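To keep things clear, I will list the structure first and then write my remarks on it.
The values are calculated or read from the model by the stated rules, or taken from the named source; none is laboratory data. These numbers were taken from a predicted model, which means no experiment stands behind them. Note that each Cβ is placed from the backbone with ideal geometry, even for glycine, and that neighbours are counted across all protein chains shown. The protein model used for the area step is the full one, side chains on, heavy atoms only, and it has no ligands, DNA or RNA in it. Shrake-Rupley method; radii C 1.70, N 1.55, O 1.52, S 1.80 Å.
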Amino acid sequence: MKAVLITCFFAVMLFSTVPAFYVFSTTNGQEPLTLQNAKVVYEMPYPGLLPDHPLYLIKITRDRVTEFFTRDNIKKARLYLNYSDKRAMMAVKLAEKGKNQLALSTLSKAEKYSEKIPDLLKNSKQQGTSPPPDLVLQAKLSNQKHWEIIQNLLQTFPQGDRQTFQDILRLNSQVNKQLQGM
């Protein structure tokens with residue numbers, strides 16, 4: 001009886017993890033293909049204070065001090081990934097409030113933080129410390145989620161902001177190409 005229960009337990013565990021395996025598996029070292037309309041499964045952090053809040057300056061000061069004192073390339077890459085994701089979510093929240101120009105500025109800053117990540121990962125590799133695979137995967141998923149956010153915001157913003165969105169999308173695409181090379 002015990003053997004049957006243990007066998008059933010392992011069978012259930014095996015079959016319940018198969019879909020997760022297919023989602024994260026790669027073929028021939030390439031990332032799995034995703035459909036254009038598919039949602040990226042990536043948990044974005046809570047943005048905290050928004051740029052329109054009076055105490056936002058304190059948050060920015062804290063972020064800059066933390067950035068200055070973070071010297072390890074991998075830790076700094078994780079920090080920039082967090083800052084980038086938070087600013088992308090700030091842009092979404094600001095757009096929901098109707099503050100389109102502030103949202104665009106914040107979204108641009110998010111992509112500029114993302115732009116720094118591949119260089120940090122390459123530098124750490126040159127210094128003998130390979131970036132953890134989970135960090136590289138997280139950076140790739142974050143980049144895809146940012147692209148999704150940009151596309152969603154692009155549909156809701158007025159026509160006059162198209163050039164700014166094209167610049168942001170170009171930056172996102174450059175980061176994506178750099179991350180795919182890792």
About its Cα centre, what dipole magnitude does the range 104-182 give when the only charges are +1 on Lys and Arg Cβ and -1 on Asp and Glu Cβ, stated in debye to the nearest 20? 160
Work out, step by step, the length gained on full extension between E67 and R162: first 0.36 nm times the residue separation, then minus their alpha carbon distance; give nm to one decimal. 31.0 nm
Heavy-atom accessible area ranking, 1.4 Å probe, most first, across H53, H146: H53, H146
Separation of the K112 and K177 label points, Cα + 7 Å toward Cβ, nm: 2.2
Accessible area expressed per residue, the range 92-182, with surrounding protein chains retained (probe 1.4 Å, Å²): 53
Order by protection proxy (mean Cβ within 10 Å, highest first), peptides 74-87, 54-67, 132-145, 159-172: 74-87, 132-145, 159-172, 54-67
Over 23 Å between C-alpha atoms is what I'm after, so list which of K39/K59; K59/K109; K86/K112; K75/K112; K99/K145; K76/K99 land there. K39/K59; K76/K99
If the chain between K39 and N123 were fully extended at 0.36 nm per residue, the gain over the current Cα-Cα distance would be 27.1 nm
Among E43, E96, E148, E111, what's the order by accessible area (1.4 angstrom probe), most exposed first? E43, E96, E148, E111
